[in-house]
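Notes for the one structure printed next.
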Amino acid sequence: MLQVKGLTKKYNNIVAADNISFEVENGEIVVLLGPNGAGKSTTIKSIAGLLRFDGDILIDGHPCKSVEAKKIFGYVPETAAVYEYLTVYEHIEFIARAYRLDAGWKERAEKLICRFDLQDKVNKLGKELSKGMQQKLSICCALIINPRMVMFDEPMVGLDPKAIKELKNIFIELKNAGCAVLISTHIIDSIEEVWDKVLIMNRGKVVLARTRQELEEKGEKLEEVFFRCTEGSQAL
Ligand code: ATP
């Protein structure tokens, strides 16, 4: 489970995340929606332990920058960062060794490679991969550790339709396995069928939090709510 309490992140005089608090339960898919510059990536990068911030972020009760937390969460960044001179397979093997995964990782790796159509790319170097292939590899690396919490920052960008379909199935599988899933996007359509709770961000704040049930009970449409909450917004 992920707990974000009073997260505040400033870049000089810009407050990119302004006292943000929310939780993602085990087996829950939470979507961070917001226009460009709303603060989604800043929030995700803070949770991933990549930024200095004020507030508390706990993953299964451990501070997000602790080794205990790092062992159990996966992160797919907005832009895949691959090693130029490692092959696809070596990337996954590197993660498996770094995380000291048990032998089962090889079987999981084969399944992931197959699901993302990377079978004939396993011996290609990072620098030889297209953007979409890099993104697929980045997803495989995040999932190989069997994470208990996983974050995806704009995961659909650059993926082909088959990979998008696989990824949506994977979101559901992760949820069913009790994983806490946080997805950041500004493409509402891409996550319409999968989310349990939506957090709409605007100008560094969470301006609306709704469960799917709450939205349905109010007879609201996600797209309408999104535009209502973010109307007239400009990037900070
Ligand atoms: P997008 O949908 O365009 O990716 P976002 O919601 O992820 O946007 P962030 O990248 O978190 O938004 O940016 C939030 C604010 O913080 C923006 O005003 C942005 O200009 C600013 N910002 C982000 N990174 C930095 C940085 N490294 N230095 C200074 N300002 C930054």
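What follows is calculated from the coordinates using simple rules that are stated; it is not laboratory data. Everything quoted here is computed from the prediction, not taken from an experiment. So basically every Cβ, Gly included, is an ideal-geometry build from the backbone, and we count neighbours across all protein chains shown.
Across region 2-46, Cα pairs under 8 Å and at least six residues apart give a relative contact order of 34 percent. Amide H to amide H distances under 5 Å link VAL207 with ILE200, MET201, ASN202, where only residues 5 or more positions off or on other chains count and H is placed in the peptide plane. Selection among ASN202, GLY219, ILE187 by position relative to the dipole of region 178-225 gives ASN202 as farthest towards the positive end (Cβ unit charges, Cα centre).
Please go through the residue pairs LYS175/LYS218; LYS9/LYS221; LYS71/LYS131; LYS136/LYS197; LYS136/LYS162; LYS40/LYS197 and name each one whose alpha carbons sit more than 19 Å apart in this structure. Write down the numbers at each step before the final one.
Values: LYS175/LYS218 25 Å; LYS9/LYS221 31 Å; LYS71/LYS131 27 Å; LYS136/LYS197 25 Å; LYS136/LYS162 11 Å; LYS40/LYS197 15 Å.
Distance filter (> 19 Å) returns LYS175/LYS218; LYS9/LYS221; LYS71/LYS131; LYS136/LYS197.
In summary, the convex hull built on the alpha carbon positions of region 143-207 has an orientation-averaged projected area of 5.0 nm².
Please compute the contact order of the chain in relative form: average sequence separation of alpha-carbon pairs under 8 Å and at least six residues apart, divided by the residue count, as a percent.
Values: 442 pairs, mean separation 72.6, N = 236.
Result for the chain is 31 percent.
Here is the list for region 43-91: GluC sites (Glu not before Pro) lying in DSSP coil, each with at most 14 other C-beta atoms within 10 angstrom of its C-beta, are GLU84.
Of the trypsin sites (Lys or Arg not before Pro) in region 147-236, the ones in a loop by DSSP (not H, G, I, E or B) with at most 15 other beta carbons within 10 Å are LYS218, LYS221. Using only the Cα atoms of region 182-236, build the gyration tensor, take square roots of its eigenvalues as a ≥ b ≥ c, and label the shape rounded, prolate or oblate: rounded if a/c is under 1.5, else prolate if a/b is larger than b/c, else oblate. Here region 182-236 falls in the prolate category.
Taking CYS140, CYS114, CYS179 as the candidate residues, the one with maximal mean-square fluctuation in a Gaussian network model of the chain, Cα springs under 10 Å, is CYS114. Give me the net charge for the shell around SER184: Cβ to Cβ below 11 angstrom, other residues only, Lys and Arg +1, Asp and Glu -1. Net charge around SER184: -1.
Compute the relative contact order of region 99-236 as a whole-number percentage, counting only Cα pairs closer than 8 Å that sit 6 or more residues apart in sequence. Working shown, then result.
Values: 107 pairs, mean separation 24.2, N = 138.
Taking the mean separation of contacting Cα pairs over the length of region 99-236, I get 18 percent.
In order along region 210-221, the phi-based Karplus estimate (6.51 cos²θ - 1.76 cosθ + 1.60, θ = phi - 60°) of 3J(HN,Hα) comes to 9, 7, 4, 4, 4, 5, 5, 4, 7, x, 9, 9 Hz; Gly and Pro are listed as x.
Under the rule of -39500 (n - 2.57) per DSSP H run of 4 or more residues, summed and divided by the residues of the chain, what mean residue ellipticity at 222 nm is obtained, to the nearest 500 deg cm²/dmol? Present the calculation step by step, with values, prior to reporting the outcome.
On the way: 8 runs with 78 residues, N = 236.
After summing the helix terms and dividing by the residues of the chain, the value is -9500 deg cm²/dmol.
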